[in-house]
Amino acid sequence: MYTTDQYEGMLAETVILPGNHADLINAYFARPLGAGPFPGMVLVHHMPGWDEWYRETTRKFAAYGYVTLCPNLYFREGHGTPEDVAAQVRGEGGVADDQVVGDVSAALEMLLALPYVNGKVGLFGTCSGGRHAYLCACRIPQVAALVDCWGGRVTQTSEELTPKQPVAPADYSADLSCPVLGIFGNEDKSPTPEQVNQLEQVLKQYGKEYEFHRYDGAGHGFFYHNRPNYRQEQAVDGWSKVFSFLDKHLKGS
Amino acid sequence: MCTMIAQQIKIRGDGKAGSSWFKVDTASVSYDHPFEMPLEYALNLDFTSKSGGPGGRVAVELDASSARALVEAIQGVMAQAEKGGFLINSD
């Protein structure tokens, strides 16, 4: 808990990361100043893109003591405003799951190689980023903790699969090797409460460690202060749950 | 993407963004999170050129009832144009 007599400093900047297939992509990086060691976080951005909310959130995690990296998963689409780039990706049916796993894996490896990171790196994603973060936590064994905020289509039916999304992330759950925090709004349409129930059943089936927090009066994206679905009370509590969970699993020995 | 409800078609036309016209060859239609409209989901129309990059875009976001009304209006106008003989040799 920050008190007003403490020092707080941060470095935050755009960096270049060799991502999937060693493609050079950009990423936003923020870290607390000092030798640490600090835990790390990779942020997996949402459908609206590698946007201001995710750059702000990267800095938020750094302020809470995490060396944080948010790769631009849409880098290969070209450059423009985050909205324009995301709209192009949306029209083309998203980016391929395998590519996202490669980019996030590379981000994780970069953090683990840093001398001031304590060897523990978690994932945080919202919306389609929550889905991607779940997928990555199943397929990347070094992930130490997963925060899935309202990730839709984690439990996909066969009809919902596409060439870019050929396997439902939940189908990889047997390989999940880290604890999971799920944050969901009970008025969300994707995932619906029934779909969250399905995901919970999968986690129970495989004996995975998880905690879900499901909020009444909140729908999709209720952390987004810049969108009409923002819900102040639920968001404040949700963020508290996020940092309690990550502090427990990533900080200390 | 959140809903994955999106289709992309080839078109031939010109679009205007700001004060400039440019060729458009692709229309993307999606029902997903809008960027600007204060809705959770909207019908999103993007008119782009494959060679124009992400910035070359004419974007419109509509609520569901407006989207349906637009479809009806387009069909009504095209039916009237066809009846009036305006579509012969028009492509």
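Every number here is computed from the coordinates shown, using simple stated rules; none is lab data. Worth saying up front: this structure is predicted, and the values here are computed from it rather than measured. As a convention, Cβ positions derive from the backbone with ideal geometry for all residues, glycine included, and neighbour counts pool all protein chains shown.
For the segment B:50-60, counting C-beta atoms of other chains within 10 Å of every residue's C-beta and taking the mean gives 4. Using a Gaussian network model of chain B in which every pair of alpha carbons under 10 angstrom is joined by a spring, one finds that among B:18, B:76, B:56 the greatest mean-square fluctuation is at B:18. Rounded to the nearest Hz, the phi-derived 3J(HN,Hα) couplings of region A:55-63 under the Karplus curve 6.51 cos²θ - 1.76 cosθ + 1.60 (θ = phi - 60°) are 5, 4, 5, 4, 5, 4, 4, 4, 5, where x marks glycine and proline. Computed over neighbours whose Cβ is under 13 Å from that of residue B:76, the net charge equals 0, Lys and Arg +1, Asp and Glu -1. Per-residue Cβ neighbour counts within 10 Å put B:46, B:25, A:216 in the sequence A:216, B:25, B:46, beginning with the fewest. The residues neighbouring residue A:1, those whose beta-carbon lies less than 14 Å from its own, together hold a net charge of -2 under the Lys/Arg +1, Asp/Glu -1 convention. Legend: P(r) of region A:142-253 from all alpha carbon pair distances, 10 Å bins from 0, whole percents, reading 14, 42, 35, 9, 0. Annotation: the antiparallel percentage among DSSP beta bridges lying fully within the protein assembly as shown is about 60.
Each residue in A:175, B:32 was given a count of other beta-carbon atoms within 10 angstrom of its own, and listing them fewest first yields A:175, B:32.
Per-residue shielding of B:72-80, expressed as the average number of other chain Cβ atoms within 10 Å of the residue Cβ, stands at 0.
Order of B:48, A:157 from fewest to most other C-beta atoms within 10 Å?
Exposure proxy ranking, most exposed first: A:157, B:48.
Here the Gaussian network model covers chain A, with springs between Cα atoms less than 10 Å apart; of A:34, A:125, A:182, A:34 fluctuates the most. The Kirkwood hydrodynamic radius of region A:25-65, based on inverse pair distances between different Cα atoms, is 11.0 Å.
The listed peptides A:49-62, A:1-14, A:138-151, B:61-74, ordered by packing as a protection proxy, come out as A:138-151, A:49-62, B:61-74, A:1-14 (highest mean of other Cβ atoms within 10 Å first). Highest mean first, the peptides B:77-86, A:91-100 sorted by other C-beta atoms within 10 Å per residue fall in the order A:91-100, B:77-86. Summary value for region A:1-157: 25 percent relative contact order, contacts being C-alpha pairs under 8 angstrom separated by 6+ residues.
Between residue B:82 and residue B:9, how high is the FRET efficiency from 1/(1 + (r/R0)^6) when r is the Cβ-Cβ distance and R₀ = 22 Å? Nearest 0.05. FRET efficiency, residue B:82 to residue B:9: 0.65. Electrostatic bookkeeping for residue A:22 treats Lys and Arg as +1 and Asp and Glu as -1; over the other residues with beta carbon under 12 Å from its beta carbon, the sum is -3.
Here is how the number arises for chain A: DSSP H runs of 4 or more residues each give -39500 (n - 2.57), the sum is divided by the residue count, and the result at 222 nm is -10500 deg cm²/dmol.
Across peptide B:4-13, the average count of Cβ atoms from other chains found within 10 Å of a residue's Cβ is 3. In this simple spin-label approximation, residue A:177 and residue A:160 carry label points 7 Å from Cα along the Cα→Cβ vector, and these lie 2.8 nm apart.
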